[in-house]
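Participant: I have a structure here, written as structure tokens, and I will follow up with some questions on it.
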Amino acid sequence: MDSHTLAILNILLGTSMVSALALLGTTRLRTCARVLAGQGLAVGLLPALMSDEQFTIRIVVLMVGNIVLKAVVFPWLLLRVCRDVSVRRDPGAFIGTGAAVLVGVLCLGIAAWLGTMVGASLPSHPAGVYIVAFFLILTGLLLIIVRRRAVMQVMGYLTLENGIYLFGSCAVIGVPFLLEFGVLLDVFAAIFVMGAALRQIHAQFSSDDATKLSELSG
Amino acid sequence: MLAAPLIAGIAGFALKSPMNILRLAALVTGLFFGASVLLTVQVFASPEVLLSADRTLRVDAFSVFHILALALTYFGGSLFALAYFRHEIASGHFGITLARRYGALWLAGLSAMLLVLVSNNLGLMWVGMETTTLVTAYLVAMHGDAPAIEAMWKYLIVCSVGIAFAFMGTLLSAASAPQADGADTLLWTHLMDQRANLNPQLMKAAFVFLIVGYGTKAGLAPMHTWLPDAHSQAPAPVSAMFSGFMLNAALYCVVRYLPIVEATSPGFGHKAMIGFGLFSVLVPAAFIIFQRDAKRMLAYCSVEHLGIIAIGYGLGPLGAFAALFHTLNHSLAKSLAFFSIGRLGQIYGSNDMGRIRGAIGAHPVYGPALLGSVLALIGVAPFAIFASEFQTVRAMVAQTQWWLLALFLLGVSVIFISMLRHVTGMVFGERPDDIEPIEPHPGSKLLSFSFLGALVLLGVWMPPPLRHAIESAAQIVWSQP
């Protein structure tokens, strides 16, 4: 890997990491959707840069498919849902955004430990790749747990999925094209179904506040 | 077999009557059941396993046993849906739009679950399992009321995150194999062949992700939180399908990895199965004691039974045999229990166990069927669950797992007493004045008594072909490298 590629790779890894922290620290949902688009673009470009193969049609199609879905389609869908259900901000359910960023920094420490440990047995890539992948997974989980708005939980799921995608593209060599395409299609279907569910939640509860979904218990 | 239910579901959009869509679903699942029997015969008649699509699809004794259970659950559920939704149609709650969506998603769920069972490619198996979540989510909230939508959201989010973890496990297991030959690393047969050469640390990490991920969908405690909500809010045929088979399909995915992780780290996979299984027996015991909702009680009971099955897989060949036998028995008994409570819930207008009283007089078929199915579920002889639980206990004794045995017996005893108390109240209590006895449909008699009859028959005598099928399937789980 030449020094230019390495520099671009580090910028993309840094963008992914900062985007995850920004999601934890931001309350404006429209800003969150845009940050998620940036994260989708960075995560979509990373595997192509790390690939040992030449730019085959397979790599280009998957890269473009990922970027179109994660950097354009999903954020657009989420922005539309935010507009339709008239929600602007998510102050957080259990902890505020400041505390969430602090927990995020703790997650970075855990991700560094996990990424270094697991990465040692995996195909060799710049050290930060596995760390960022685990960091995105942990941040996604954290967003699902600590945020109040259902739409923000979907953004958490997408962040988690971005982490798993990054991990998979580095850790496993030679995944069949149809399978990668199938996984992408499944994620698309998941976001589509979640979007439809969000509208139903809003229609029924006049809000997408996930903390109100607590009637069923015991 | 994979595409036919999906195509039939789409074709259902051309039909103009809800009952015709339900009849189509019953016809398709009936044919599917017939095809499953033929497939079973073919698998056991041939010395080789069936492979197709460049080894991507594969049917062996373990998968065909589960395909039979899937077909049985779906066929029974489709027949029951004819009676269940007839009353919803009459009350104006099940129009043509809803029926078309239901038919398409119900049959799409069948295709997705079959894909899980026939995939040799572990990535494709994951795609199938994720698809089951997406196509069945709407079935939970079909009627669109607030609790149902809440249940659907929890189901969607919790299971999607769980299945994402399972994908991480799938990737780690592929990464644990020598990567020289590229695409093969995701094939189950390749991992089985390479068991001796896998990276043990990565495979252990993979199994942790897999058991937590697929275990979430299987309803293993403590990841079971979505299950009581989704089961209690879904229409009864959907609840029966969820408990009767979908949970087993998720556990099937975990068990596929068991011989692989055991080859790299002996004892690790079995201990994990026993740990999660035992927790799944103990946790629902606490919730069933004070439960008031009949469907939630049955949902917690499913957590318990999936726990018993998981424990069985961790207990050697005898335990694996018991687990597979228990899978079939639980599918039969739990389907019938949900059929019964679903129909009784319609009659009483509630699933509250304080309201459902004197069910034996209110419905001469589903009242006794509820009693019979719950007695079967709590392990009363001569029902087959008694036999499979007894075999699980024997496996514990054979391995001198005394602490496990003591805690297991504590959990099942608490559930036995609690559920017996609940069901006797529902069946024999004093019927409310506003509930008139119902003349049962002959079809419901046939359906209920064939399920109950099968449970009694399997409890006293196991047909040799079934024993052979279960033994062959258990050998795959316990095969040595």
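Values in this text are rule-based calculations from the coordinates and carry no lab data. Since we're looking at a predicted model, the values are computed, not measured. Note that each Cβ is placed from the backbone with ideal geometry, even for glycine, and that neighbours are counted across all protein chains shown.
Participant: Output needed: percent of Cα pairs per 10 Å distance bin for the range B:406-473, bins running from 0 to the one holding the longest distance.
Facilitator: 14, 21, 36, 21, 7, 0
Participant: Another question, if that's okay. Quick check on my link table: of A:Lys70/B:Lys154; A:Lys212/B:Lys445; B:Lys204/B:Lys295, which ones sit more than 32 Å apart, alpha carbon to alpha carbon?
Facilitator: On the way: A:Lys70/B:Lys154 23 Å; A:Lys212/B:Lys445 42 Å; B:Lys204/B:Lys295 36 Å.
Violating the 32 Å limit, Cα to Cα: A:Lys212/B:Lys445; B:Lys204/B:Lys295.
Participant: Roughly what percent of Cα-Cα pairs across the range B:1-105 reach past 20 Å?
Facilitator: On the way: 2548 of 5460 pairs.
Pairs farther apart than 20 Å: 47 percent.
Participant: Based only on other Cβ atoms within 10 Å, what is the fewest-to-most ordering of B:Ser119, B:Ser173, B:Ser17, B:Ser472?
Facilitator: The most exposed by this proxy come first: B:Ser17, B:Ser472, B:Ser119, B:Ser173.
Participant: On to the next question. Cross-link candidates for B:Lys217: which aspartates and glutamates have Cα within less than 17 Å, leaving aside residues fewer than 8 places away along the same chain?
Facilitator: A:Asp186, B:Glu130, B:Asp229, B:Glu304
Participant: Normalised by the number of residues in chain B, what is the relative contact order in percent for Cα pairs under 8 Å and 6+ residues apart?
Facilitator: 15
Participant: Same structure, new question: Quick check: the distance between the Cα centres of the range B:102-181 and the range A:24-74, to the nearest angstrom?
Facilitator: 23
Participant: Determine the principal axes of the Cα atoms in the range B:85-161, then give the extent along each, sorted from largest to smallest and rounded to whole angstroms.
Facilitator: Extents along the principal axes, in whole Å: 46, 23, 15.
Participant: Work out Dmax and Rg for the range B:98-224 from the C-alpha atoms and quote the Rg first, both in angstrom.
Facilitator: Rg, Dmax (Cα atoms, Å): 16.7, 53.
Participant: Same structure, new question: Which of A:Thr15, A:Thr116, A:Thr56 moves most in a GNM of chain A, Cα contacts under 10 Å?
Facilitator: A:Thr56
Participant: Within 10 Å of each Cβ in peptide B:150-156, how many partner chain Cβ atoms are there on average? Round it to a whole number, please. Write down the numbers at each step before the final one.
Facilitator: Details: counts 9, 3, 5, 10, 4, 1, 9.
Partner Cβ neighbours, averaged per residue: 6.
Participant: In what sequence do A:Thr159, B:Thr225 fall when counting other Cβ within 10 Å, fewest first?
Facilitator: With the fewest neighbours first, A:Thr159, B:Thr225 line up as B:Thr225, A:Thr159.
Participant: Which whole number gives the average count of other chain Cβ atoms within 10 Å of the Cβ atoms across peptide B:285-297?
Facilitator: Partner Cβ neighbours, averaged per residue: 1.
Participant: Okay, next question. Please identify every one of the trypsin sites (Lys or Arg not before Pro) in the range B:1-72 that sits in a loop by DSSP and has no more than 12 other beta carbons within 10 Å of its own beta carbon.
Facilitator: Sparse-neighbourhood loop trypsin sites (Lys or Arg not before Pro): B:Lys16.
Participant: Here's a follow-up. Can you give the Rg to Rh ratio for the range A:94-218, taking only C-alpha atoms and Rh from Kirkwood? Present the calculation step by step, with values, prior to reporting the outcome.
Facilitator: Values: Rg = 17.1 Å, Rh = 16.3 Å.
Here Rg/Rh amounts to 1.05.
Participant: Work the Kirkwood hydrodynamic radius out for the range B:273-481: mean of 1/r over every pair of different alpha-carbon atoms, inverted, in Å. It would help to have the intermediate numbers written out before the result.
Facilitator: Details: mean 1/r = 0.0570 Å⁻¹.
Here the Kirkwood hydrodynamic radius works out to 17.5 Å.
Participant: Whose amide H sits under 5 Å from the amide H of B:Asn121, counting only residues 5 or more places off or on another chain, with H placed in the peptide plane?
Facilitator: B:Trp188
Participant: Where does each of A:Met17, B:Met426 land when they are ranked from fewest to most other beta-carbon atoms within 10 angstrom?
Facilitator: A:Met17, B:Met426
Participant: Moving to a separate point now. What is the sum of charges, Lys and Arg at +1 and Asp and Glu at -1, for the other residues whose Cβ falls under 15 Å from the Cβ of B:Ala99?
Facilitator: Neighbourhood net charge equals +4.
Participant: Next question, about the same structure. If every alpha-carbon in the protein assembly as shown counts as one equal scatterer, what log10 I(q)/I(0) does Debye give at q = 0.05, 0.07, 0.08 1/Å?
Facilitator: Here the Debye-derived log intensity ratios amount to -0.23, -0.45, -0.60.
Participant: If you wrap the range B:43-88's Cα atoms in a convex hull and average its projection over all directions, what's the area in nm²?
Facilitator: About 4.5 nm², averaged over all directions.
Participant: Ordered by packing density, taken as the mean number of other Cβ atoms within 10 Å over each peptide's residues, highest first, how do A:107-115, A:137-145 rank?
Facilitator: A:137-145, A:107-115
Participant: Now a separate question. When all C-alpha to C-alpha distances in chain B are sorted into bins of 20 Å, what percent of pairs does each bin hold, rounded to whole numbers?
Facilitator: Histogramming chain B at 20 Å steps yields 26, 60, 14, 0 percent.
Participant: Long-range amide H contacts for A:Arg149: which residues qualify at under 5 Å (H placed 1.01 Å from N, peptide plane, sequence gap of 5 or more or a different chain)?
Facilitator: Excluding prolines and chain starts, which carry no amide H, the hits are A:Gly92, A:Ala210.
Participant: Through the Karplus equation 6.51 cos²θ - 1.76 cosθ + 1.60, θ set to phi - 60°, convert the phi angles of the range B:430-435 into ³J(HN,Hα) values in whole Hz; use x for Gly and Pro.
Facilitator: Computed from phi, the couplings for the range B:430-435 are 7, 5, x, 4, 7, 9 Hz.
Participant: Could you tally the net charge around A:Gly40, taking each other residue with its Cβ under 15 Å from the Cβ of A:Gly40, Lys/Arg +1 and Asp/Glu -1?
Facilitator: Result for the local shell: +1.
Participant: Can you give the Rg and Dmax of the range A:1-141 based on its C-alpha atoms, in angstrom?
Facilitator: Radius of gyration, then largest Cα-Cα span, for the range A:1-141: 16.4, 48 Å.
Participant: Rg over Rh of the range A:1-74, using C-alpha atoms and the Kirkwood radius, what does it come to?
Facilitator: That ratio is 1.03, to two decimals.
Participant: From other protein chains only, count the Cβ atoms within 10 Å of every residue's Cβ in A:134-140, then give the mean. List each step's numbers first, then the result.
Facilitator: On the way: counts 1, 0, 0, 3, 0, 0, 2.
Going residue by residue through A:134-140 and averaging, the value is 1.
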